[in-house]
Amino acid sequence: MAQMEAETSGARQVLYKTHGTCSQFIDVSLDDEGRIAHCYFHGGCDGNTKGLSQLVRGMKPEDVISKLDGIRCGTKSTSCPDQLCRALEQLQHQG
């Protein structure tokens with residue numbers, strides 16, 4: 001499944017296909033001010049991804065990326081937080 005993008009009333013959204021993590025997709029959107037309005041992980045560690053989603057809501061994508069970029073999960077070369085950064089980068093480039 002390819003990554004899907006949508007734009008409604010100034011808000012931007014992407015359904016990002018993750019790579020190298022237990023989660024399969026990240027559904028994330030930005031509001032009219034460019035802040036994270038919605039973040040939902042499909043799959044992954046339920047409590048951790050729910051907590052991460054709550055923490056990033058209302059933040060600017062660049063602030064999230066500066067804090068979470070490069071985080072690894074165990075021996076994997078990436079993590080759910082790192083994949084969220086990739087999704088946010090995609091949203092930044094679509095605007």
Per-residue Cβ neighbour rank within 10 angstrom, fewest leading, Ile36, Ile26, Ile65, Ile71: Ile71, Ile65, Ile36, Ile26
For Tyr40, Tyr16, order by how many other beta-carbon atoms lie within 10 Å, fewest first: Tyr40, Tyr16
Directionally averaged shadow of the chain, computed from the convex hull of its alpha-carbon atoms, nm²: 5.6
Nitroxide proxy distance, nm - points 7 Å out along Cα→Cβ at Lys67 and Leu55: 0.7
Ranked list, fewest to most other Cβ atoms within 10 Å of each Cβ, for Cys22, Cys39, Cys73: Cys22, Cys73, Cys39
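The numbers here are math on the coordinates, done by the rules we state, and not lab data. Because the structure is a prediction, the values reported are computed rather than measured. Backbone-built Cβ (ideal geometry, glycine too); neighbour counts: all protein chains shown.
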